[in-house]
Amino acid sequence: SASRHGVLIKGRIYVEEIRNVKALVFDKTGTLTEGKLEVTDVIALNGNTEVLEIAASLESKSKHPIAQAIVRKAEENKVRIKNISQFESIAGKGLRGEINGSVFYVGNRELIRDGSPVVEKLEREGKTVILVAKENQVIGVIALRDKIRKESFELIRKLKKRNIRTIMLTGDNHRVAEAIAKELGIDEFYANLLPEDKSEKIEMLLEKYGHVAMVGDGVNDAPALAKAHVGIAMGAIGSDVAIETADIALMQDDLSKVDYLIALSNKTMSVVNQNVLASILIKGSFAILTF
């Protein structure tokens, strides 16, 4: 039944476990949102006019959704990609590389410290902000927005009816995370998380709620998916590592299948209990009839 609905379950234990879940944890980008970020603002600072060119050159070395959106914007504007040397990816923070002998950084505020009112304004609008810096000076700001999946709203509403706690984990800053959580009606959220932080949060939530499931899609989610009682991967857009690590894969990236899974688990265990009870009654009857 699950396979016909585009849900692949890797063993009977997960059918049993999903109905016991007390808290459901979601990654934000690519899970609650579509993961199709679009660049909304490119703001040059300190007289620099190559903000998009530098950002796209560095991001062209990455496969992250933010990187793909910036490169796509550069292609639309016919911006030339520069050669990068000494390239380095800093997990959960951003990228570093040299262009024509100068060191450039592209990343979040964990990597590039900046308290510009421009950044705060964009974040209050629910946008993800990427800073571009040359050496120690910020030269530009790029803002991106990700569309929330339509089915996310309905799923959160259904989970509340089932008295299941909803929690969001994200690498985005507190302002952006708060805006998304408030719009969706999510109970708890944790922001500014590195990949290893997500795994630690799952451990903390396991102690707090007992039975926890997680839905995620990226390489960064794999350790957290592995630690949850049930790990659910968004199969179509999810990374190979996340799909391999997860216990259940949603092949059509349809979040509504999460509620279907819970209903399927309840129904399955109901049938199992009926069968056990029927078996005991029948065998008991034969035992009595024997005498």
_Accessible area of the chain divided out per residue, in Å², using a probe of 1.4 angstrom_ = 50
*asked:* Longer than 32 Å from Cα to Cα, which of 63/267; 208/267; 10/201; 82/198 are they? Say none if no pair is.
replied: 63/267; 82/198
*Quick one: what are the phi-derived ³J(HN,Hα) couplings along region 37-44, Karplus 6.51/-1.76/1.60 with θ = phi - 60°, whole Hz, x for glycine and proline?*
5, 10, 6, 9, 9, 10, 10, 8
*Nearby aspartates and glutamates by direct alpha-carbon distance to residue 121 (threshold 13 angstrom, same-chain neighbours under 8 apart not counted)*: 41
*Determine the share of the chain's accessible area contributed by carbon and sulfur atoms, expressed in whole percent, with a 1.4 angstrom probe.*
50
_I want to check the label-to-label distance for residue 20 and residue 244. Put each point 7 Å from Cα in the C-beta direction and report it in nm to one decimal._
2.8
_Multiplying the sequence separation of residue 277 and residue 161 by 0.36 nm and subtracting their Cα-Cα distance, what value in nm do you get?_
38.8 nm
*asked:* Highest mean first, how do 15-28, 169-182, 186-199 rank when packing is the count of other Cβ atoms within 10 Å averaged over residues?
replied: 15-28, 169-182, 186-199
*For region 139-145, in order, what is each residue's ³J(HN,Hα) by Karplus, 6.51 cos²θ - 1.76 cosθ + 1.60 with θ = phi - 60°, in whole Hz (x at glycine and Pro)?*
10, x, 10, 10, 10, 10, 10
*Whole-Hz couplings from phi, Karplus 6.51/-1.76/1.60, listed for region 168-179; x for Gly and Pro*: 10, 10, 8, x, 5, 6, 4, 5, 5, 4, 5, 5
_Checking the a/c ratio against 1.5 first, then a/b against b/c, what shape does the Cα gyration tensor give for region 35-119?_
rounded
*Putting +1 on Lys and Arg Cβ atoms and -1 on Asp and Glu Cβ atoms, find which of 287, 31, 159 reaches farthest to the positive end of the dipole of the chain.*
287
*Subtract the Cα-Cα distance of residue 68 and residue 80 from 0.36 nm times their separation in residues, and report this length gain in nm to one decimal.*
2.8 nm
_Computed lengthening from residue 4 to residue 102, 0.36 nm per intervening residue step minus Cα-Cα distance_ = 29.8 nm
*Per residue, how much space in cubic angstrom lies within the convex hull of the C-alpha atoms of region 72-217?*
136
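The values are calculated or read from the model by the stated rules, or taken from the named source; none is laboratory data. Note that the structure is a prediction, hence the values are computed from the model and not measured. Cβ sites come from the backbone with ideal geometry, for glycine too, and all protein chains shown count toward neighbours. The area values use the complete protein model at the heavy-atom level, side chains included, leaving out ligands, DNA and RNA. Shrake-Rupley method; radii C 1.70, N 1.55, O 1.52, S 1.80 Å.
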